[in-house]
Amino acid sequence: MIEVCDLTKRHGSTPAVDALSFRAEPGRVTGFLGPNGAGKSTTLRLLLALDRPDRGHALIGGRSYVRMRDPLRTVGALLDASSVHGGRTARAHLRTLARTHRIPDSRVGEVIGLTGLDGVAGRRAGTLSLGMRQRLGIAAALLGDPAVLLLDEPVNGLDPEGIVWIRTLMRELAAEGRTVLVSSHLMSEAALTVDQVVVIGRGRLLAEGDVAEIVRTYAGPAGSLEEAYLRLTSGGAR
Amino acid sequence: MSAVRGGPGGRLFAAALSAELLKLRTLRSTWWTLAAVVGLSVGIGYLYGSVIKGNYDDFGATPDWDPVGYGFAGTNVAQLALVCFGVLAVGAEYATGTVRASLTAVPRRGVFGAAKLTAVAVTAFAVTLPTAFVTFAAAQGAMGERQNAALGDPGAVRATVGLAVYLTLLCLISAAVTMMLRSTVLALGILVPLFFIVSDILAHLPGVGSVARYLPSVAGAQILRVVPDDRIDVGTWGGLAVLLLWTAAALCGGLVTLRRRDA
């Protein structure tokens, strides 16, 4: 369970996230939607305590991230695929993260298999394609077998096969009772994956709820998530 | 120590330290820079010794002849490679964005920073201590028995262990300053001139020794000498104290920056 409450973060005088509140429930894939610059990544960074909020709080399982003793066993995060030293091999990158939580090397092997990295685990991360680095980021997120997953634009750089793979993976993770929060600006993709959505614009909450309900409310009974999203965000830009 | 290790904070720190040591081992730059430290220190020491051997009148016969200090002539250059190691160990995290992955694994900034700096210091000392003794042996061996020093001579072991301590502290300052500046280029741009150029010029300019003796590398390097340098009137242990103060200041700056700033 993810609870964001009155969360506010300013960069200078402009608020990147502005009194934002929402929840993401276990067993569901929650789409975190909004235009570029709406504050999605900042919100995820606040959830992970990479940034400090000016006001409000962001809790995961009722606790703030900094208070967690073994955060990787609670939360898995994919922030962006470039958060890897290009000179380190994919396997070494995962092993360094595993060590912080005394996660055995056997688990590193497991997530490498799970994410289809077997063939490239010994290669330096800098030589991997964007799609492979994305898989490496997802492997890192799965290391601690966490109950909550935060994925920032996970389909970025993935080929069609990879997109189907991540979609299936997210559905499976939610079916196992995990909380999955996935940010995206691709509505057609989100429509295929998510159960509920949180739509933000300019750091503020625009809508929150079941996909079907949001579509019905904002795009009519025959509408699509894309139409509902466009209606919502054009309002937010005013 | 046992109280620290037994507590939950200690367990977190131990795990983070083991991860940081693995990080250093799995980077090529670690191996290159540390190999350069060994090669430059031993190689230049040996060359210096060889040159001195044939020039007894200019060296061994002079008053205040310090074979130990001369044998460590490669330090000035070797320390640059070690500065690079310290800077890269921290700076690469910021340059590549790895720091975000690191901080999601170890969200307590103090634990992360302390583990990283400890890993850098432990690695630096593990390399520089044997390097110091090999340098001593190579340089003194090359110098010839007429004017060289033996480890049993007064101050020789202190100066040799002192070399490892001096280099480790410079490396730690470099890593901590990089943590403060969060940029490899910026850190190298400040540290290389400071340790290599400015310190040297100031130290040899007449009349400014009184200022130079408070620079970390000038003050710290006094420990490498058995015969004190009367231009840098700070003394062996006074010099070490100055270097320790710089190190403490850099560590505070680095850790405070890490705790305060958004990653």
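The values are calculated or read from the model by the stated rules, or taken from the named source; none is laboratory data. Computed from a predicted structure; not experimentally measured. So basically every Cβ, Gly included, is an ideal-geometry build from the backbone, and we count neighbours across all protein chains shown. Ligands, DNA and RNA are excluded from the accessible area calculation, which covers all protein heavy atoms including side chains. Shrake-Rupley method; radii C 1.70, N 1.55, O 1.52, S 1.80 Å.
Could we say that B:Ala81 is hydrophobic (A, V, I, L, M, F, W, C) and either within 14 Å of another protein chain (Cβ to nearest Cβ) or more than 20 Å from B:Thr178 (Cα to Cα) (or both) here? When the stated conditions are applied, B:Ala81 does not pass them.
Residues in the stretch A:23-43 that are of a type in the set (Val, Ile, Thr) and surrounded by 24 or more Cβ atoms within 10 Å (Cβ to Cβ): A:Val29, A:Thr43. Taking the criterion of being in contact with a Phe, Trp or Tyr (Cβ under 8 Å, 6 or more places away or on another chain) and without any contact (Cβ under 8 Å) to a residue 40 or more places away in the chain, would at least one residue in the stretch A:143-164 satisfy it? Yes; the residues of the stretch A:143-164 include at least one that is in contact with a Phe, Trp or Tyr (Cβ under 8 Å, 6 or more places away or on another chain) and without any contact (Cβ under 8 Å) to a residue 40 or more places away in the chain. For B:Gly144, the stated conditions hold: it is away from chain A (no Cβ under 14 Å), at positive phi and modelled with pLDDT under 95. Within the option set B:Ala164, B:Ala176, B:Ala156, being within 24 Å of A:Val84 (Cα to Cα) and either open to solvent by less than 10 Å² (accessible area, probe 1.4 Å) or of a type in the set (Lys, Arg) (or both) holds for one residue only, B:Ala176.
Okay, residues lined up against (1) open to solvent by less than 30 Å² (accessible area, probe 1.4 Å); (2) within 24 Å of A:Ala98 (Cβ to Cβ):
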position	(1), (2)
A:Gln134	yes, yes
A:Pro154	yes, yes
A:Met170	yes, yes
A:Ser184	yes, no
A:Val197	yes, no
A:Gly203	yes, no
A:Asp210	no, no
A:Thr217	no, no
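Of the strands (runs of 3 or more DSSP E) lying entirely inside the stretch A:168-229, those containing at least 2 residues that are acidic (Asp, Glu) are A:204-210.
Determine, yes or no, whether B:Gly49 is assigned to a helix (DSSP H, G or I), closer than 21 Å to B:Asn148 by Cα and not hydrophobic (A, V, I, L, M, F, W, C).
On the way: assigned to a helix (DSSP H, G or I): yes; closer than 21 Å to B:Asn148 by Cα: yes; not hydrophobic (A, V, I, L, M, F, W, C): yes.
Spelling it out, B:Gly49 is indeed assigned to a helix (DSSP H, G or I), closer than 21 Å to B:Asn148 by Cα and not hydrophobic (A, V, I, L, M, F, W, C).
Among the criteria (1) more than 14 Å from chain B (Cβ to nearest Cβ); (2) within 24 Å of B:Gly97 (Cβ to Cβ); (3) under 14 Å from the mean Cα position of the chain (by Cα), the one A:Arg171 does not fulfil is (2). Consider the stretch A:68-88 and keep the residues that are more than 7 Å from every other protein chain (Cβ to nearest Cβ) and crowded, with 18+ Cβ neighbours inside 10 Å. The one that is nearest to the chain's Cα centre (by Cα) is A:Leu78.
Looking at the stretch B:87-94, can you tell me whether even one residue there is touching a residue at least 24 places away in the same chain (Cβ under 8 Å) and either touching a Gly at 6+ places or on another chain (Cβ under 7 Å) or more than 14 Å from chain A (Cβ to nearest Cβ) (or both)?
From the stretch B:87-94, those touching a residue at least 24 places away in the same chain (Cβ under 8 Å) are B:87-92, B:94; that's our starting set.
Keeping just the survivors that are either touching a Gly at 6+ places or on another chain (Cβ under 7 Å) or more than 14 Å from chain A (Cβ to nearest Cβ) (or both) gives B:87.
So far as the stretch B:87-94 goes, yes, one or more of its residues are touching a residue at least 24 places away in the same chain (Cβ under 8 Å) and either touching a Gly at 6+ places or on another chain (Cβ under 7 Å) or more than 14 Å from chain A (Cβ to nearest Cβ) (or both).
For the criterion of being at negative phi, free of Cβ contacts under 8 Å to residues at least 40 places away in the same chain, touching a helix residue (DSSP H, G or I) at 6+ places or on another chain (Cβ under 9 Å) and part of a helix (DSSP H, G or I), B:Thr30 fails.
Do you know which residues across the stretch A:137-146 are more than 10 Å from chain B (Cβ to nearest Cβ) and either farther than 23 Å from A:Met170 by Cα or in a helix (DSSP H, G or I) (or both)?
Step one: filter the stretch A:137-146 for residues more than 10 Å from chain B (Cβ to nearest Cβ), giving A:138-139, A:142, A:145-146.
Hits for the stretch A:137-146 are A:Ile138, A:Ala139, A:Leu142.
Select from the stretch A:51-67 the residues that are within 7 Å of another protein chain (Cβ to nearest Cβ) and modelled with pLDDT under 95 and write down the one among them that is least open to solvent (accessible area, probe 1.4 Å). Ranking the qualifying residues of the stretch A:51-67, first place goes to A:Asp51.
Tell me, please, whether a residue that is in a helix (DSSP H, G or I) and touching a residue at least 40 places away in the same chain (Cβ under 8 Å) can be found in the stretch B:229-237. Yes - at least one qualifying residue is present in the stretch B:229-237.
A:Arg102 fulfils the conditions (1) on the phi > 0 side of the Ramachandran plot; (2) in contact (Cβ under 8 Å) with a residue 60 or more places away in the chain; (3) open to solvent by 30 Å² or more (accessible area, probe 1.4 Å) except for a single criterion, (2). How many of the residues making up the stretch B:94-140 are more than 15 Å from B:Arg261 (Cα to Cα) and of a type in the set (D, E, K, R)? Counting residues in the stretch B:94-140 that are more than 15 Å from B:Arg261 (Cα to Cα) and of a type in the set (D, E, K, R) gives 1.
Just a yes or no: is a residue in the stretch B:212-221 surrounded by fewer than 21 Cβ atoms within 10 Å (Cβ to Cβ), modelled with pLDDT under 90, in contact with a helix residue (DSSP H, G or I) (Cβ under 7 Å, 6 or more places away or on another chain) and not in a helix (DSSP H, G or I)?
In the first step, residues of the stretch B:212-221 are kept if they are surrounded by fewer than 21 Cβ atoms within 10 Å (Cβ to Cβ); the result is B:214.
Adding the requirement that they be modelled with pLDDT under 90 leaves B:214.
So of that shortlist, the ones also in contact with a helix residue (DSSP H, G or I) (Cβ under 7 Å, 6 or more places away or on another chain) come out as B:214.
Next cut, not in a helix (DSSP H, G or I) only: B:214.
Within the stretch B:212-221 (the criterion being surrounded by fewer than 21 Cβ atoms within 10 Å (Cβ to Cβ), modelled with pLDDT under 90, in contact with a helix residue (DSSP H, G or I) (Cβ under 7 Å, 6 or more places away or on another chain) and not in a helix (DSSP H, G or I)), the answer is yes, since at least one residue qualifies.
When A:Leu46, A:Leu20 are screened for being within 28 Å of B:Lys116 (Cβ to Cβ), buried (at least 23 other Cβ atoms within 10 Å of the Cβ) and touching a residue at least 24 places away in the same chain (Cβ under 8 Å), only A:Leu46 passes.
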